[in-house]
1. Suppose we keep only residues that are open to solvent by 50 Å² or more (accessible area, probe 1.4 Å) and in a loop (DSSP other than H, G, I, E, B) within the range 153-170. Which one would you say is nearest to Gly336 (Cα to Cα)?
2. If you scan the range 257-300, which residues turn out to be open to solvent by 60 Å² or more (accessible area, probe 1.4 Å), within 20 Å of Ser312 (Cα to Cα) and assigned to a loop (DSSP other than H, G, I, E, B)?
3. Filter the range 1-29 for residues that are of a type in the set (A, V, I, L, M) and at pLDDT 95 or above and give the result.
4. For the range 47-67, indicate whether the set of residues that are touching a Ser or Thr at 6+ places or on another chain (Cβ under 7 Å) and touching a residue at least 60 places away in the same chain (Cβ under 8 Å) is non-empty.
5. In the range 73-109, what residues are under 18 Å from Ala205 (Cβ atoms), free of Cβ contacts under 8 Å to residues at least 24 places away in the same chain and open to solvent by 60 Å² or more (accessible area, probe 1.4 Å)?
Amino acid sequence: MKLEPIIVSLLDTDLYKFNMDQVIFHKHTDLIGEYYFKCRDEGVVFTQEMLEEINAQIAHLCSLRFKKAELDYLRSIRFIKPDYVEFLRLWHPIRDYVSTSLDESGMLTVAVKGPLFSAMQFEIYLLEIISEVYFRMNYDYAELRRAAEERLSQKIADFNSGKYTFRFAEFGCRRRLSREWQDEMVRRFSQETENCVGTSNVYLAMKYNMTPIGTYAHEFVQMYQGIDEIPLAYTNHYAMEDWYDEYKGDNGTALTDTITTDLFLLDFNHSMVNNYSGVRHDSGDPYEWAEKIINHYKEYGVDPRTKQLLFSDSLNFDRAQELYDHFKDKAKVSFGIGTFCSNDTNVRPLNIVIKLQYVNGRPVAKLSDCEGKAMCMDEVYLAYLKNSVKFRLERVRHLKEAGLV
């Protein structure tokens, strides 16, 4: 079964890939990264035919280059800088950086190794390819598409009837049913409701004149764990400093949970509270998280109603509405909703990720605020990182109890 090309534009990725890459291009071109694929679902089997199709799609991806109109669009985004766009005019995905294999049980292995500024760009493209190949080759795609259409029509009707009153950005690239379905879904949400304020997909933002939305991901904070001179428990500090230096407060939503939100808040000091327009939730109890953030703002004398709380953790519309109703008078509430928009059918979507695991040969990890989301290939390092985080948190607690901070 030969499929049509899945990636037809290098803009068919999340905006935050360009945002993070621009910082790396300006500040950390010496970093080498290693990314690894993981399917979190039990019992998922890939076939040899699927692997061959995935490899063919990767080869096609690596034949693409940015078109002039695409580069011009990137130039039009106010915080994307001219020298970085010129770099992208020369850049393209390199096939040698990606390796794939399949074991006897049907477990798929994918690894990306190369300069971090280049290796990091593969993540979204590869997840888009893997998800679409799996669903097209493992199911009756036409039936999946019919189910997706029915559910989308109901969602749009629920917005237009007033059942849902919140606004959201579409974040559905990585686990989408297919390229053409994400395109149709974004088009309909943008044209048939007033509630979709943008999309993380840069190509679709350009195509439908929408706002491209995104700041940075866990990998941006993780990469600082691979820089020798930076203490592990202070990587949020250095990541936020570099981000602010690059964007000067524009593009300013901080992700809190890479090495736990409690640790993040130690570095989210008075300066950073004012420098960033808001924060993003991606793990743990969203209500506890939001109250913790609101109290943190109040401690610095900042009105939380002037700051954004962006929720993006496995949301559906009912959960989003409940969060909106609870917090709408306490802060600026917004949502990034992904798989529920881009792969909601009568079959469960794949829970797949590609995560940064090594930088300059050193292991790195994401802890998150939920134990099940932690991911690291080196258990010794993961324990060391957890202890580093615990030590700093306990040290600050003792200093507070002694009245020294």
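The values are calculated or read from the model by the stated rules, or taken from the named source; none is laboratory data. Quick caveat: nothing in here was measured; it's all calculated off a predicted structure. Cβ placement follows ideal geometry from the backbone for every residue including glycine, while neighbour counts extend to all protein chains displayed. Protein only, heavy atoms only, side chains kept; ligands, DNA and RNA dropped before computing areas. Shrake-Rupley method; radii C 1.70, N 1.55, O 1.52, S 1.80 Å.
1. Among residues in the range 153-170 that are open to solvent by 50 Å² or more (accessible area, probe 1.4 Å) and in a loop (DSSP other than H, G, I, E, B), the one nearest to Gly336 (Cα to Cα) is Arg167.
2. If the condition is that a residue be open to solvent by 60 Å² or more (accessible area, probe 1.4 Å), within 20 Å of Ser312 (Cα to Cα) and assigned to a loop (DSSP other than H, G, I, E, B), then Asp285 is the only one that fits.
3. To start, the set of residues in the range 1-29 that are of a type in the set (A, V, I, L, M) comprises 1, 3, 6-8, 10-11, 15, 20, 23-24.
Answer for the range 1-29, where residues must be of a type in the set (A, V, I, L, M) and at pLDDT 95 or above: Ile6, Ile7, Val8, Leu10, Leu11, Leu15, Met20, Val23, Ile24.
4. Yes, the conditions are met somewhere in the range 47-67.
5. Result: Arg75, Ser76.
Okay, residues lined up against (1) outside any helix (DSSP H, G or I); (2) over 20 Å from Phe171 (Cβ atoms):
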{"site": "Ile7", "(1), (2)": "yes, no"}
{"site": "Asp21", "(1), (2)": "no, no"}
{"site": "Phe25", "(1), (2)": "no, yes"}
{"site": "Thr29", "(1), (2)": "yes, yes"}
{"site": "Gly33", "(1), (2)": "yes, yes"}
{"site": "Lys38", "(1), (2)": "yes, no"}
{"site": "Gly43", "(1), (2)": "yes, yes"}
{"site": "Ile54", "(1), (2)": "no, yes"}
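Residue-wise test of (1) over 22 Å from the mean Cα position of the chain (by Cα); (2) not charged (D, E, K, R).
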position	(1), (2)
Ile24	no, yes
His28	no, yes
Arg40	no, no
Gly43	yes, yes
Phe46	yes, yes
Ala56	yes, yes
Ala59	yes, yes
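Residue-wise test of (1) open to solvent by 40 Å² or more (accessible area, probe 1.4 Å); (2) touching a residue at least 40 places away in the same chain (Cβ under 8 Å); (3) under 28 Å from Glu128 (Cα atoms); (4) out of contact with any strand residue (DSSP E or B) (no Cβ under 6 Å at 6 or more places or on another chain).
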| residue | (1), (2), (3), (4) |
| --- | --- |
| Tyr324 | yes, yes, no, no |
| Gly336 | no, yes, yes, no |
| Asp344 | no, yes, yes, yes |
| Leu382 | no, no, no, yes |
| Lys386 | yes, no, no, yes |
